[in-house]
Amino acid sequence: MAGYDFRSPRLFVDAALAPGATVALTKPQAHYLSNVLRLKPGSAVLAFNGLDGEWRTSLEGTGKRVALAVQERTREQTTASDLHYLFAPLKHERLDYMMQKAVEMGVSRLQPVLTRHTQVNRINLERMRANAIEAAEQCGILTVPEIHAPLTFGRMIAARKPDRLLVFCDEDAKSKDPVAALGVARLGPETLLPLTSVSADGPQPIAVLIGPEGGFADEERAALLDLPNIVRLSLGPRILRADTAAVAALALVQTVLGDWR
Ligand code: SAH
């Protein structure tokens, strides 16, 4: 990120970005720029929409009637990462935190999974999206992760594509070396191959799965361990809260297999 402009505020906008375009702002965006940041007309604001890269814009108007005048492109659109994050939803602030951290850690899809011991059944997808957008604006990425409606555990297993490595975070995992565990993919019962030799055509797609505060039920754990192409990952000798486990697991995956290399 050398040379990256950290000073100008960054906004995700739902509009095409091209030289000379004017982008209308939502009320919360106008409020944020005018009242929270107290920006004056002419101030620089960076804008991205997930498609057209990042653009320098200039603030026009005052109060609620502000817009962005698009000037020039500061960064080309990059290909989004391909890292799915599957998680049992948590309550309110902890879910907000987990969504923000997962986006900062580089996930491309947020997929809630309702497991047997999940205590939250109603999920506010709009709130999840607002958290994902805020984190994307803050951490400099150019694409907001996809947000999917919750799946039951059974549907998640049924819908799973076996070519996507599933990193199952399990406090009962036998292996105590997470880096070694991630370095090996299980391709069918007999085969143990280092991941680098698995992927002739680019990096293997990955999903990380974290359970609810009450953990996975025995039959859920058994169903997961029966799947092909999974890694059972230990995150050390302590039981982590799910939001901590998310950050720890995603840091390990990005370090060993992902874009931290
Ligand atoms: N079953 C537990 C707690 C679950 S912690 C109990 O109540 O005792 C919530 C989730 O975080 C777990 O399902 C797991 O996915 C992840 N997790 C927490 N600590 C972990 C560890 N040490 N290793 C691997 N995963 C862990």
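The values are calculated or read from the model by the stated rules, or taken from the named source; none is laboratory data. As the structure is a prediction and not an experimental result, all values here were calculated from the model. Here the Cβ is made from the backbone with ideal geometry for all residues, glycine too, and neighbour counts use every protein chain on show. Heavy atoms of the whole protein, side chains included, go into the accessibility calculation; ligands, DNA and RNA do not. Shrake-Rupley method; radii C 1.70, N 1.55, O 1.52, S 1.80 Å.
Report, by residue number, each residue of the stretch 209-261 that is touching a His at 6+ places or on another chain (Cβ under 7 Å) and among the hydrophobic types (A, V, I, L, M, F, W, C). Steps first, answer last, please.
Taking the stretch 209-261 and keeping what is touching a His at 6+ places or on another chain (Cβ under 7 Å), we get 212, 214-215, 217.
Of everything in the stretch 209-261, just one residue is touching a His at 6+ places or on another chain (Cβ under 7 Å) and among the hydrophobic types (A, V, I, L, M, F, W, C), namely A217.
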Criterion: among the aliphatic types (A, V, I, L, M), assigned by TED's automatic domain parsing to the domain that holds L240 and modelled with pLDDT under 95 - qualifying residue of V184, V103, V113: V184
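If you check V144 against the conditions, is it at pLDDT 95 or above and closer than 14 Å to R109 by Cα?
Working: at pLDDT 95 or above: yes; closer than 14 Å to R109 by Cα: yes.
Considered against the rule, which asks whether it is at pLDDT 95 or above and closer than 14 Å to R109 by Cα, V144 comes out as yes.
Could you pull out the residue among P41, P28 that is touching a strand residue (DSSP E or B) at 6+ places or on another chain (Cβ under 9 Å) and open to solvent by 70 Å² or more (accessible area, probe 1.4 Å)?
Working: P28 fails: touching a strand residue (DSSP E or B) at 6+ places or on another chain (Cβ under 9 Å).
Checking each option against the conditions leaves just P41.
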Take the stretch 104-130 and flag every residue that is within 20 Å of T143 (Cβ to Cβ), open to solvent by less than 20 Å² (accessible area, probe 1.4 Å) and in contact (Cβ under 8 Å) with a residue 40 or more places away in the chain. G106, V107, Q111
The residue that is nearest to the ligand (Cβ to nearest atom), considering only those in the stretch 45-77 that are over 17 Å from I133 (Cα atoms) and outside any strand (DSSP E or B), is E76
Candidate set: the stretch 75-96, residues that are surrounded by 17 or more Cβ atoms within 10 Å (Cβ to Cβ) and among the hydroxyl-bearing types (S, T, Y); chosen: the one farthest from V113 (Cα to Cα): S81
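Report yes if P89 is under 26 Å from D170 (Cα atoms), in a strand (DSSP E or B) and not assigned by TED's automatic domain parsing to the domain that holds K27, otherwise no. If you could, list the steps in order and put the result at the bottom.
On the way: under 26 Å from D170 (Cα atoms): yes; in a strand (DSSP E or B): no; not assigned by TED's automatic domain parsing to the domain that holds K27: yes.
No: the conditions fail for P89.
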Just the residues that are buried (at least 18 other Cβ atoms within 10 Å of the Cβ) and within 16 Å of the ligand (Cβ to nearest atom), please, taken from the stretch 146-164. F153, M156
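Could you run through the stretch 52-65 and say how many residues are open to solvent by less than 10 Å² (accessible area, probe 1.4 Å) and either within 28 Å of the chain's Cα centre (by Cα) or among the β-branched types (V, I, T) (or both)?
Residues of the stretch 52-65 open to solvent by less than 10 Å² (accessible area, probe 1.4 Å): 53-54, 57, 59.
Keeping just the survivors that are either within 28 Å of the chain's Cα centre (by Cα) or among the β-branched types (V, I, T) (or both) gives 53-54, 57.
Looking only at that region, the number is 3.
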If you scan the stretch 216-257, which residues turn out to be farther than 22 Å from Q100 by Cα, among the aliphatic types (A, V, I, L, M) and not in a helix (DSSP H, G or I)? A217, L227, I230, V231, L233
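Evaluate the following for L252: is it buried (at least 17 other Cβ atoms within 10 Å of the Cβ), modelled with pLDDT under 95 and more than 8 Å from the ligand (Cβ to nearest atom)? Before the answer, list the steps.
Details: buried (at least 17 other Cβ atoms within 10 Å of the Cβ): yes; modelled with pLDDT under 95: no; more than 8 Å from the ligand (Cβ to nearest atom): yes.
So L252 fails the test.
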